[in-house]
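*Asks:* Pasting in a structure now, in structure tokens, and then I'll have a few things to ask.
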Amino acid sequence: MADTLLSITGLTKAYPGVVANDDVSFDIRTGEIHALLGENGAGKSTLVKMIYGLVAPDRGSMRIDGAAFAPGSPSEARQSGVAMVFQHFSLFDALDVAENVSLGMDDPPKPGALAARIRDVSEAYGLPLDPHRLVGTLSAGERQRVEIIRCLLQDPRLLIMDEPTSVLTPQEVEILFETLRKLKTEGTAILYISHKLEEIRTLCDHATILRRGKKVATCTPAEETARKLAEMMVGSSFATPVAQSRTRGDVLLEIRSLSLPAPDAFSTPLRDVSFAVAAGEVLGIGGVAGNGQDELLAALSGERIAPAGTVALKGKDIARLGPVARRDAGLLSGPEERLGHAAAPNMSLIENGVLTAARRENLVSRGFIGWGDARRFAERVIDAFDVRTPGPGVAARALSGGNLQKFVVGREILQRPDVLVLNQPTWGVDAAAAAAIRQAILDLAAKGAAIVVISQDLDELMEISDRFAALNEGRLSAARPVAELDMEKIGLMMGGAHDMEVAHDVH
Amino acid sequence: MDLGSISVVLLVASIMVSATPILLAAIGEMVVEKAGVLNLGVEGMMITGAVVGFAFAVNSGSPMFGFVAAALAGALLSSAFALLTQFLLSNQVATGLGLTLVGLGLSSLIGKPYEGIKSPTLPKLDIPILSDLPVVGRMLFSHDIMVYLSLLLVVCVWAFLKYTRAGLILRAVGESHDSAHALGYRVVRVRFLAILFGGACAGLGGAYLSLVRVPQWTEGMTAGAGWIALAIVVFASWRAGRILVGAYLFGGVTVLQLNLQAAGANVPVALLSASPYLITILVLIVISARGAHGAPASLARPFHASS
């Protein structure tokens, strides 16, 4: 068990303006689950791309079983026994499962034989899959199974998994962990990338922590606290958001039996969604990606007009109003996608401020933009939310994810909304910025706003919401107080493990 | 109007001839689009193929040689498009439109000395037994070789995309170039080859116009056939079998309206001449109104292996 499978020495990779990996060295042993920890931009992705042959290192070397290993392409890496499950799945929606699996193999068997092997392997590891389903019709958990099976069919010695649990329900995570432990007992080494610390503490034997491209430490995660791991990742301690006591006021936003058809083939319809949020309250809406989150945000923000009588703000029906009218009425929103949806990438922060705040902040008079006021508004957001930028004239795309997210959330909060709807407010944001954004949400609620946070990060929802509801295939569960919930109950609200046991009995 | 003057046998036979150029260009463009590239330069590549094929056939006396030269010319022109869009990441729509303009200008320059000349044309194949069959023989089995080659090409493209690994990789590249790249496939190389194939097919289609269908060279003789081919790819939902249906439908309407004109139909000539285009537009509207119909997901999106 103790022999080294992959040994990495002094790997360095620089891109123009940034050193992605700086002299990184560590070893992965046969049959261990090794975590690679770090914040966004710490260099985890670049490192695994070098191991998988997608990127060539500038300096440094790798050895597998003592033999030099310098893959020039993923195909060479696969021949050396390295397989990878991607974070943003490397799948093709319009192709079926067998075709997808075949594309990830260098020497695929005949289609008939391949389908049979997919069935065998998927049964053996408890990951049932129908080889002839179109991948576009699968749930996120099932899509991940396609990726895993594609790797397993090649008998890998090292399996790289890039943030595998971010799209899974807690029950699906358990099943995945079972599979990984089984692989481990069979002698497969697993390089497990994540920033979910509790997961790593329960699953992984060792952890290597990266910060700004450099290795900070290799440790045994079970012996460290999650707090300690987080501080090693960030490099300093940071404040945990604190909720002030809040009083629950009148219901500000009420949704009654809202149904909307799916706008296109790969979207989810909203089915009979009802909820109410009161002043001073944070409602957390969880669920696996693709279960109607984007569609719900669009229906609340006014991007999609809803049937009359389904959306009421302070008792008034606003269902037929568009985004501008809803903003005027006091309902503001921040969508998930920072670049392209919440902010226009090539426009400056000043211009992006005008885009949503023009009317509430009186930045426009008689059709002309008051640039002085606009600049002051952007500067206020930058000051209040500690947005790190050379100035308000900088293009939105030049900001890091965390800083731009602080800007787009802050831009809404400074407009003093009565109701604020946010989708994935801290997605892809470093821990310190995420904590700041959560604190701002809590502070806004304390001032008497009603807030809806849609997120796939359950820990975040548990931390900031008063009540929790889950979206599953466009249906919203009844909202329940967070204090009454545990992970198992939440998982069941989110739809449990999608068809896992059922499919297992078929063959 | 004298509908009796329209002979069904001749009508079907001429539909096959009139549909072949569009069929060739459309099947090539379908492969290009399946790889995720939108090349709007089909018209330009067709007319370049038409003039180059004509020139080589006249000078060599061999129409087959003309076809080969036309395919090479189409591929050569498309390689400029491939270079610009795949390596220099220029906008595909603008580059494709530019290619059409270049092709139209280039062809009239090359074609000036050839105006008014008659080219050697392809002999009709006399397929033994089959062509002697009554009715069907003259309708389907006494055409020139390119008609059959174009049909064979449709079958080959269909089988290539459906059954071969290379075809699967091509579809994968068109579906998600990021995923294909992550798995280690050469996105740019696959697309480059697909664009060359599309160019060659468009060149063949153009040469069929100037060497068989008309057969002589006149400036601007493709008269929008390349645009129709582009429309037919959409009409066909990127499926080879439906490309055949679409091309023959368009060819059919073209021939039918000519026949109606000759038979003295009581409809303005201008309207009859426009009818193939109008019907193409109508069919496209009907198809599009049905919603999603299988466009490759990466169609016309530029790819750069930078992340």
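*Asks:* If you go through region A:88-100 one residue at a time, do you hit one that is surrounded by fewer than 14 Cβ atoms within 10 Å (Cβ to Cβ) and at the interface with chain B (Cβ under 10 Å from one of its Cβ atoms)? Lay out the reasoning, then the answer.
*Replies:* Our first condition is that a residue be surrounded by fewer than 14 Cβ atoms within 10 Å (Cβ to Cβ); within region A:88-100, this holds for A:88.
Pick out the ones that are also at the interface with chain B (Cβ under 10 Å from one of its Cβ atoms) and you get A:88.
Checking region A:88-100: at least one residue is surrounded by fewer than 14 Cβ atoms within 10 Å (Cβ to Cβ) and at the interface with chain B (Cβ under 10 Å from one of its Cβ atoms).
*Asks:* Within region A:439-484, how many residues turn out to be without any contact (Cβ under 8 Å) to a residue 12 or more places away in the chain and β-branched (Val, Ile, Thr)?
*Replies:* Residues meeting the conditions: 0.
*Asks:* Right, here's the next one. So how many residues does region B:162-188 have that are over 21 Å from A:Lys49 (Cα atoms), surrounded by fewer than 22 Cβ atoms within 10 Å (Cβ to Cβ) and either more than 10 Å from chain A (Cβ to nearest Cβ) or modelled with pLDDT under 90 (or both)?
*Replies:* Here the count works out to 4.
*Asks:* Based on this model, can you work out whether A:Glu147 counts as of a type in the set (Asp, Glu), within 14 Å of another protein chain (Cβ to nearest Cβ), assigned to a helix (DSSP H, G or I) and more than 21 Å from A:Glu178 (Cα to Cα)?
*Replies:* For A:Glu147, the condition - of a type in the set (Asp, Glu), within 14 Å of another protein chain (Cβ to nearest Cβ), assigned to a helix (DSSP H, G or I) and more than 21 Å from A:Glu178 (Cα to Cα) - is not met.
*Asks:* From the list B:Gly205, B:Gly199, B:Gly226, which residue is touching a Pro at 6+ places or on another chain (Cβ under 6 Å), closer than 24 Å to B:Thr85 by Cα and more than 14 Å from chain A (Cβ to nearest Cβ)?
*Replies:* Only one candidate qualifies: B:Gly205.
*Asks:* Starting from region B:31-55, keep only residues that are farther than 12 Å from B:Gly224 by Cα, then list their pairs with residues that are of a type in the set (Phe, Trp, Tyr) and in a loop (DSSP other than H, G, I, E, B) whose Cβ atoms are within a distance under 9 Å, requiring at least 6 positions of separation or different chains.
*Replies:* B:Glu33/B:Trp238; B:Lys34/B:Trp238; B:Gly36/B:Phe303; B:Ala50/B:Trp217; B:Val51/B:Trp217; B:Phe54/B:Trp217; B:Ala55/B:Trp217
*Asks:* Here's something else I'd like to know. Please determine whether any residue of region B:195-203 is crowded, with 18+ Cβ neighbours inside 10 Å, under 12 Å from the mean Cα position of the chain (by Cα) and farther than 28 Å from A:Leu103 by Cβ. Spell out how you get there, then give the answer.
*Replies:* The first filter runs over region B:195-203 and keeps only residues crowded, with 18+ Cβ neighbours inside 10 Å, leaving B:195-203.
Restricting the remaining residues to those that are under 12 Å from the mean Cα position of the chain (by Cα) gives B:197-203.
Next, only the ones that are farther than 28 Å from A:Leu103 by Cβ stay: B:202-203.
Yes, the conditions are met somewhere in region B:195-203.
*Asks:* So which of A:Arg145, A:Arg119 is free of Cβ contacts under 8 Å to residues at least 60 places away in the same chain, among the basic types (Lys, Arg) and in the same structural domain as A:Leu168 (by TED's automatic domain parsing)?
*Replies:* That would be A:Arg145, the only listed residue that is free of Cβ contacts under 8 Å to residues at least 60 places away in the same chain, among the basic types (Lys, Arg) and in the same structural domain as A:Leu168 (by TED's automatic domain parsing).
*Asks:* Right, here's the next one. Confirm whether A:Ala42 is under 23 Å from A:Gly428 (Cα atoms), in contact with a Pro (Cβ under 9 Å, 6 or more places away or on another chain) and either within 14 Å of chain B (Cβ to nearest Cβ) or of a type in the set (A, V, I, L, M, F, W, C) (or both). Can you show your working first?
*Replies:* Numbers: under 23 Å from A:Gly428 (Cα atoms): yes; in contact with a Pro (Cβ under 9 Å, 6 or more places away or on another chain): no; either within 14 Å of chain B (Cβ to nearest Cβ) or of a type in the set (A, V, I, L, M, F, W, C) (or both): yes.
Criteria not met by A:Ala42.
*Asks:* Any idea which of (1) within 14 Å of chain A (Cβ to nearest Cβ); (2) closer than 30 Å to A:Lys49 by Cβ is the one B:Ser237 doesn't satisfy?
*Replies:* B:Ser237 satisfies all of (1) within 14 Å of chain A (Cβ to nearest Cβ); (2) closer than 30 Å to A:Lys49 by Cβ except (2).
*Asks:* Just checking, which of B:Gly294, B:Gly252 is closer than 24 Å to B:Cys156 by Cα and within 14 Å of another protein chain (Cβ to nearest Cβ)? Spell out how you get there, then give the answer.
*Replies:* Numbers: B:Gly252 fails: within 14 Å of another protein chain (Cβ to nearest Cβ).
Going through B:Gly294, B:Gly252 in turn, the sole match is B:Gly294.
*Asks:* Here is a follow-up. Looking at region A:101-124, which of its residues are assigned to a helix (DSSP H, G or I) and within 13 Å of another protein chain (Cβ to nearest Cβ)?
*Replies:* A:Val101, A:Ser102, A:Leu103, A:Pro111, A:Gly112, A:Leu114
*Asks:* What is the one condition in (1) surrounded by 22 or more Cβ atoms within 10 Å (Cβ to Cβ); (2) under 24 Å from A:Arg327 (Cβ atoms); (3) in contact with a Leu (Cβ under 8 Å, 6 or more places away or on another chain) that A:Leu444 does not satisfy?
*Replies:* Only one criterion in (1) surrounded by 22 or more Cβ atoms within 10 Å (Cβ to Cβ); (2) under 24 Å from A:Arg327 (Cβ atoms); (3) in contact with a Leu (Cβ under 8 Å, 6 or more places away or on another chain) is unmet by A:Leu444, namely (1).
*Asks:* Applying the selection to region A:61-78, what residues are away from chain B (no Cβ under 14 Å) and either among the hydrophobic types (A, V, I, L, M, F, W, C) or on the phi > 0 side of the Ramachandran plot (or both)?
*Replies:* If we filter region A:61-78 for residues that are away from chain B (no Cβ under 14 Å), which is where we start, we get A:61-70.
The answer is A:Met62, A:Ile64, A:Asp65, A:Gly66, A:Ala67, A:Ala68, A:Phe69, A:Ala70.
*Asks:* Filter region A:256-270 for residues that are part of a strand (DSSP E or B) and either under 24 Å from the mean Cα position of the chain (by Cα) or loosely packed, with under 14 Cβ neighbours inside 10 Å (or both); which is nearest to the other protein chains (Cβ to nearest Cβ)?
*Replies:* A:Leu270
*Asks:* So, restricting to helices (runs of 4 or more DSSP H) that lie completely within region B:70-188, which ones have at least 2 residues that are under 23 Å from the mean Cα position of the chain (by Cα)?
*Replies:* Ranges flagged: B:92-111, B:136-140, B:145-163, B:165-175.
*Asks:* Determine whether region B:251-268 contains at least one residue that is surrounded by fewer than 19 Cβ atoms within 10 Å (Cβ to Cβ), within 17 Å of the chain's Cα centre (by Cα) and of a type in the set (A, V, I, L, M).
*Replies:* Checked region B:251-268: no residue is surrounded by fewer than 19 Cβ atoms within 10 Å (Cβ to Cβ), within 17 Å of the chain's Cα centre (by Cα) and of a type in the set (A, V, I, L, M).
*Asks:* Then there is this: Could you please give the count of residues in region A:101-119 that are touching a Ser or Thr at 6+ places or on another chain (Cβ under 9 Å) and either crowded, with 21+ Cβ neighbours inside 10 Å or under 14 Å from A:Arg157 (Cβ atoms) (or both)? Working first, answer last.
*Replies:* Step one: filter region A:101-119 for residues touching a Ser or Thr at 6+ places or on another chain (Cβ under 9 Å), giving A:103-104, A:106, A:108-109, A:111, A:114.
Next cut, either crowded, with 21+ Cβ neighbours inside 10 Å or under 14 Å from A:Arg157 (Cβ atoms) (or both) only: A:103-104.
Going through region A:101-119 one residue at a time, the tally reaches 2.
*Asks:* Now for a separate question. Go through region A:125-141 and give me each residue that's in a helix (DSSP H, G or I), within 12 Å of chain B (Cβ to nearest Cβ) and either surrounded by fewer than 18 Cβ atoms within 10 Å (Cβ to Cβ) or out of contact with any strand residue (DSSP E or B) (no Cβ under 8 Å at 6 or more places or on another chain) (or both).
*Replies:* A:Gly136
Yes/no matrix, rows are residues, columns are (1) modelled with pLDDT of 95 or more; (2) assigned by TED's automatic domain parsing to the domain that holds A:Glu488; (3) over 29 Å from A:Ala398 (Cα atoms):
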residue	(1), (2), (3)
A:Ser267	no, yes, yes
A:Gly286	no, yes, yes
A:Asp294	no, yes, no
A:Glu303	no, yes, no
A:Ala306	no, yes, yes
A:Gly309	no, yes, yes
A:Val324	no, yes, no
A:Ala344	no, no, no
A:Phe368	no, no, no
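*Asks:* Can you tell me which residue in region A:16-42 is surrounded by the most Cβ atoms within 10 Å (Cβ to Cβ), limited to those that are out of contact with any helix residue (DSSP H, G or I) (no Cβ under 8 Å at 6 or more places or on another chain), modelled with pLDDT under 90 and not in a loop (DSSP other than H, G, I, E, B)?
*Replies:* Here the residue is A:Val19.
*Asks:* A further question follows. If you go through region A:79-86 one residue at a time, do you hit one that is crowded, with 17+ Cβ neighbours inside 10 Å, within 14 Å of chain B (Cβ to nearest Cβ), of a type in the set (Phe, Trp, Tyr) and assigned to a loop (DSSP other than H, G, I, E, B)?
*Replies:* yes
*Asks:* Consider only pairs whose beta carbons are under 8 Å apart and that are at least six residues apart or on different chains; among these, list those whose first residue lies in region B:205-233 and is in a loop (DSSP other than H, G, I, E, B) and whose second residue is β-branched (Val, Ile, Thr).
*Replies:* These pairs meet every condition: B:Pro215/B:Thr121; B:Trp217/B:Val51; B:Trp217/B:Ile117; B:Gly220/B:Ile47; B:Met221/B:Ile47; B:Met221/B:Val214; B:Thr222/B:Ile47.
The values are calculated or read from the model by the stated rules, or taken from the named source; none is laboratory data. As the structure is a prediction and not an experimental result, all values here were calculated from the model. Don't worry about glycine lacking a Cβ; one is built from the backbone with ideal geometry, like all the others, and counts go over all protein chains shown.
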